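The values are calculated or read from the model by the stated rules, or taken from the named source; none is laboratory data. None of the values given here were measured: they were computed from a predicted structure. With ideal geometry, Cβ positions are generated from the backbone for all residues, glycine too; neighbour counts draw on all protein chains shown. Keep in mind that these areas ignore ligands, DNA and RNA; they rest on the heavy atoms of the full protein, side chains included. Shrake-Rupley method; radii C 1.70, N 1.55, O 1.52, S 1.80 Å.
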Amino acid sequence: MRRHVLLLGVVLALAGAWTLWQRGCAGPKPDIETTGGAILVRNQTTDDWLDVRIWVNDYYSGTAAEIKAGSFVREPVSRFIAAQGQTLKTSAAITSVVVLGHTRAGAPVRVALGRPAWH
């Protein structure tokens, strides 16, 4: 009986260790995601991004004063506005997202998803 309990404990420990190892080996997350009617931008660098402008489908934009290193911004698609005040509909297809800004040292930041025509 003790051997069965010991064997079960070893099997459970190995299964748990394997699960943790698999999670740790997952590839890096994408810098930009478009899911659930929102745009998610991850700053996976070691520098803070300042004066960030996010362009969706070349015409709709939104801003963030800062995205800290290792942090993210998630905004609903409906918050992005074109120059004439039109909002992006949540049912619209997202063809491109471009993130522009700069670091504290002044280096430019540009991260893109898709094939933007303008930015």
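In this structure, residue 68 and residue 38 have a Cβ-Cβ separation that, at R0 = 22 Å, corresponds to a calculated FRET efficiency of about 0.70. Rolling a 1.4 angstrom probe over segment 38-119 with all protein chains present gives an accessible area of which 52% lies on carbon and sulfur atoms.
Taking amide hydrogens as placed 1.01 Å from N in the peptide plane, the amide H of residue 38 sits under 5 Å from those of 77, each at least 5 positions away in sequence or on another chain.
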